[in-house]
Every structure is written in structure tokens, then in C-alpha cells.
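Q: This is the structure I want to talk about, given as C-alpha cells.
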Amino acid sequence: MRVRVTCAPHVSGRSNSRSQVRKALQLSLAPAGNPVGPTVSVVSSATATSGRRPARPAVSESPAAARCVDAPRRRGRDRRRAHARPRPPHGPAAAAGLGARLRWPPRGAPPSPPPPSGRRAAVLVAAAPPPPAPPLRSVACVELYEVTARASPARRNAHAPPLLFASSLPARSFCGVARASPAAAAGSDSSAELRPQQSELIFLGTGTSEGIPRVSCLTDPNKTCPVCSKAVEPGNPNRRRNTSILLRHATPSGTSNIVVDAGKFFYHSAIQWFPAFGLRAIDAVIITHSHADAIGGLDCLRDWTNNVQPSIPIYVAERDYEVMKMTHYYLIDTSVVVPGAAVSALQFNIIKEQPFMVHNLEVIPLPVWHGQGYRSLGFRFGDICYISDVSDIPEETYKLLENCELLILDALRPDHSSSTHFGLPRAIEEVRKIKPKKTLFTGMMHLMDHEKVNNDLARLMETEGLDIQLSYDGLRIPVRL
């Protein structure tokens, strides 16, 4: 007979108490003539719960009682060892995942040492090398796809540039550079090393002077503006700030960031798009005209000249420079600035209606009319022509627009032109006359719904072969300058 007794910790917590309980039970249960009595095991309640083997008593017992108590335990241990499986791997071998692929232990190998315990075991596992990664397949080529200038409605957010849809059509050359799908752009590093760094054109703003949405539309209790109500949604392409572009000009010697116009909303555009596209310095600013939506943000350039770079060169026509002497006099004549005040450090360069160089990039002015008697400038960069504010194009300027690959043109409203801007019908007529390979309209007001107008413009490709779409804030295009 075997008796198993579970005692509270305060009874069995000490070895002499266990031995005393065992002896008392043996004497009380032993029949006459049997000096040993039944087999008695005494464990604490904590040990019984956890299933761990209790420690042997430290006090001396009779040999017969000790053999009776330990014999079943030894027999059970011997049976478990006889039928036990090989020891699993441990230590660095286990951390490296080798046990799943190797026979353990190998035939004829000496027995494995006991596994490390405590802090030493944790250190070994943490320091073990990771399993080797599978070999990468070499990529022979990357398939390119045509990318339409339309924001993805499923993954728009306010802090990242709009995603682009990729169709399964083969890529066409866009200003000499094929446009890749997002998956192709995120290809292997080896393919990226084979091609030189690419120049880019980024739309920092594509709206009118007041921007979209309008406060008057958002607060009107009598009617709802469909475009302005969409524009408040994060990432919606109808949200537009003052017209402005940034050319990221890549050359073997480095990359230059050239901005065209810094209007009233320029700093808001920079907050959103500079971090999103990894931009920091501004290497030059070119001014189209002296309205507030083109020069209203010059004062905000102090953030760059105070914290990023010593100064920023400004390229401006003389007539617009004279206006700046009144609107931004403290930026031109810094002697009037209070000592200690930090204003924008700008270097003004007067340009004429002739080609000039900006960081090894040739810039060709495109003179246009922006209202009766008011001269504004567009600019040509390689095969890219940019005209953001125009009501009429002089005949001599059409010659400068020949063989244009990408035309970025003013288109204020969907119905008719104003006294200072092209409307959509007039802008389309100018596209038919200039005949660029690709056209993106800019400077749209709140009557121009992005998706609706783009759907209408897509029909021109089917009927006349005119590739025209609306641009949007944050649109980035690889170009060849």
C-alpha cells in the first residue's frame, strides 16, 4: 500500500517537518510485525500543484524506510528514461533552427550537455545568429506600366502624396522617360543602381489665388458646393493651393530644387509635400508675375534661410521687382530691418525675356498676357512648357512652344474665360494649336470638379487624340530636362 499525503506549505516547508510526518504515519499505519509499514510520500501543496519532484529530506531515516519511499520513484524514472525520445536541440543550435533539419543527436555522438538555464540561456538565444535568408532571385528587367494622373480613392491621406493607378497598357515615353508603376518603382536595389537619378516635376499647387475649398462655400447655409465639400476630405484632388511647381533637376554633379512661384499658400504646400518627397533645400525661385498668389510666400522663405541654407536666389523680371520694392521692401532693402530680426535672406536676379541659366538648367521665358496690358511669364525647361496665368498668347511666343512634349496650361473654369485667365474651352483650343504630346491643366477654381472634368477630357483622346488631364496638388512626374 502507498499513501500520498499533501501538506500545507507551513507544515512541509522544512525538511525536518516532512520527515516527522512520514515517521508518524508509518508508525500509525504499520500493522503488528511489520516494522516498515506502508510507503508514504509527503509533498507540499505548492509542489503537488506544480507537479515538481519534492526534495529529499535532510534528516537521517532508517535504510528500510528510505528504500520503501524512493524505490517507486526510481523505477518510474528508469522507465521514463528507457522510453524517452532523444533530447531536443538547445543553445545556439536550437536558436539557429538546425534541429528541424538535422538528426539530433547524431549517431555515435556523445550525449549532449544539459541545456543552459537562467540568464545564460537567454543570452545564448539572443546572441545566436538568425537563420540564413533565402537567396534573392536576380531581376533581369522591370516591366513598366502607364500611370494615369488620378489619385487612388482607396488609400488617400493628408500626409502622403496621392497614389497613382497603374493600368496594364505598355508604357509610353513621357517627356523622354517611361513612367513606372508603384510596384516597379519599388523594385530591387540592383535595378535602381543601373539607371541614373531621375529628374522630376512636382506640383506644389494647382489652384486659384484664393485656393480650394472656399470658406464662403463651407459656411453657406443655403447651398452646398460639391467641389469644396469634397476638398475638405484628406487627399482629395479637389483640394488646391496657389499654382506652383518644383523641378528636381538631377545632374551627375548633384540635384537642384528649383521652385516656380511662392504664393500665399506656399508654406502650407511645403509642409505637406517637402517631407513627403524628401525635399529640404530650395536652390532657386523663379517668379512668373507679381501677384500675391505668386510672391505672397516670399516672407516664409525665412525658415529656409534661417535654418537650412544661407540664402535663396530669386529670378524675377524688372517690372515685378519694382512691385516687390513696395510689397516686400524689407526683403529688398534690409537696412530697414530691426537689428536681430530674422527675415528671408534673398538674392534678387533680374531676368529679361531671354534665355537664362539656373543651376546648369536653361530656362526660356514665355511672355504672355495676364489681363489687358499686364505681362506675365511662362517658362520652358527642355521640352516642358509651363504657363500658369494667361489670358492671351502673343504670336511670337507660339514659336517658343514648338515641339513641346508636356504643356502645363492655365484653365480657370469649365464654361468660359475671364479677363485674366483661360477657361476650359479656350485652353482646349490652345492645345489644338500648340499640339503638345501631353497637356496638364492647372489654376482651376472650385467649379472644376477633378473627376468629372477628367472624364470629359478623356473623351478627347478617343475623338481627337488629345491627351489632356487636370493636374492636382502633389502630382509627381519623372521628366527629362
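The values are calculated or read from the model by the stated rules, or taken from the named source; none is laboratory data. Everything numeric in this text was worked out from a predicted model, so none of it was measured. Neighbour counts run over all protein chains shown; Cβ positions are idealised from the backbone, glycine included. Surface areas here come from the heavy atoms of the whole protein model, side chains and all, with no ligands, DNA or RNA. Shrake-Rupley method; radii C 1.70, N 1.55, O 1.52, S 1.80 Å.
Q: Assuming 0.692 mPa s and 37 °C, estimate D for region 407-481 with Stokes-Einstein, Rh taken as the Kirkwood radius over Cα pairs, in µm²/s.
A: So the translational diffusion coefficient is about 259 µm²/s.
Q: OK, next. In what sequence, highest mean first, do 465-472, 340-347, 283-290 appear when ranked by Cβ atoms within 10 angstrom?
A: Output ranking for 465-472, 340-347, 283-290: 283-290, 465-472, 340-347.
Q: Can you bin region 274-412 into rounded, prolate or oblate? Criterion: square roots of the alpha carbon gyration tensor eigenvalues sorted a ≥ b ≥ c, rounded for a/c under 1.5, prolate for a/b above b/c, oblate for the rest.
A: Prolate is the answer for region 274-412, as a/c is 1.5 or above and a/b outweighs b/c.
Q: Separate question: Roughly what % antiparallel, to the nearest 5, for the DSSP beta bridges in region 236-317?
A: Of all bridge pairs located within region 236-317, approximately 60 percent are antiparallel.
Q: What is the antiparallel percent of DSSP beta bridges lying wholly in region 313-423, to the nearest 5?
A: About 60 percent, rounded to the nearest 5.
Q: Once you have a ≥ b ≥ c as the square roots of the Cα gyration tensor eigenvalues for region 389-432, tell me rounded if a/c is under 1.5, and otherwise prolate or oblate according to whether a/b is larger than b/c.
A: Since a/c reaches 1.5 and a/b is larger than b/c, the shape of region 389-432 is classed as prolate.
Q: When a/c reaches 1.5 or more, the comparison of a/b and b/c decides; with that in mind, is region 276-324 rounded, prolate or oblate per its Cα gyration tensor?
A: prolate
Q: Run the reach check for Lys230 against lysines, Cα to Cα strictly under 19 Å, same-chain hits fewer than 8 apart removed. What comes back?
A: Cα-Cα hits under 19 Å: Lys452.
Q: Follow-up. Which three extents, in angstrom, do the Cα atoms of region 333-481 have along their principal axes, listed largest first?
A: Result for region 333-481: principal-axis Cα extents of 62, 35, 32 Å.
Q: Quick one: which of 411-417, 243-249 comes out on top by average Cβ neighbours within 10 Å, and what's the full order, highest first?
A: 243-249, 411-417
Q: Taking the mean number of other Cβ atoms within 10 Å as a proxy for protection, how do you rank 225-237, 199-211 from highest to lowest?
A: Most protected by this proxy first, the peptides run 199-211, 225-237.
Q: Can you compute the FRET efficiency between Gln354 and Thr224 using 1/(1 + (r/R0)^6), with r the Cβ-Cβ distance and R0 = 60 Å? Round to the nearest 0.05.
A: Plugging the Cβ-Cβ distance into 1/(1 + (r/R0)^6) gives 0.75.
Q: On the first, second and third principal axes, largest extent first, how far apart are the outermost C-alpha atoms of region 299-375 in Å?
A: Here the Cα extents, ordered largest to smallest, are 41, 31, 17 Å.
Q: Same structure, new question: Once you put a point 7 Å from the Cα of Ala281 and another 7 Å from the Cα of Val323, both along the Cβ direction, what distance in nm separates them?
A: Distance between the two pseudo-spin positions: 3.0 nm.
Q: Considering region 235-326, what Rg and Dmax in Å follow from its alpha-carbon atoms?
A: Gyration radius and largest Cα-Cα distance of region 235-326: 13.4, 40 Å.
Q: Quote to one decimal, in nm, the extra length available between Ser419 and Ser216 on full extension: 0.36 nm per residue of separation minus the C-alpha distance between them.
A: 70.8 nm
Q: Per residue, how much accessible area does region 293-358 show when a 1.4 Å probe rolls over the protein heavy atoms, in square angstrom?
A: Roughly 52 Å² per residue, with all protein chains present.
Q: Okay, next question. With a 1.4 Å probe and all protein chains left in place, how much of the accessible area of region 366-481 comes from carbon and sulfur atoms, in whole percent?
A: Carbon and sulfur together cover 48 percent of it.
Q: Skip the ligands, DNA and RNA, and give the accessible area per residue of region 191-289 with a 1.4 Å probe, whole Å².
A: For region 191-289, the per-residue accessible area is 43 Å².
Q: Would you mind checking the pairs Lys264/Lys433; Lys223/Lys264; Lys352/Lys399; Lys264/Lys438; Lys399/Lys435 and listing those with alpha carbons more than 21 angstrom apart?
A: Lys264/Lys433; Lys223/Lys264; Lys264/Lys438
Q: Between region 210-278 and region 424-467, how far is it from one alpha carbon centroid to the other, in angstrom?
A: Cα centroid to Cα centroid, the span is 20 Å.
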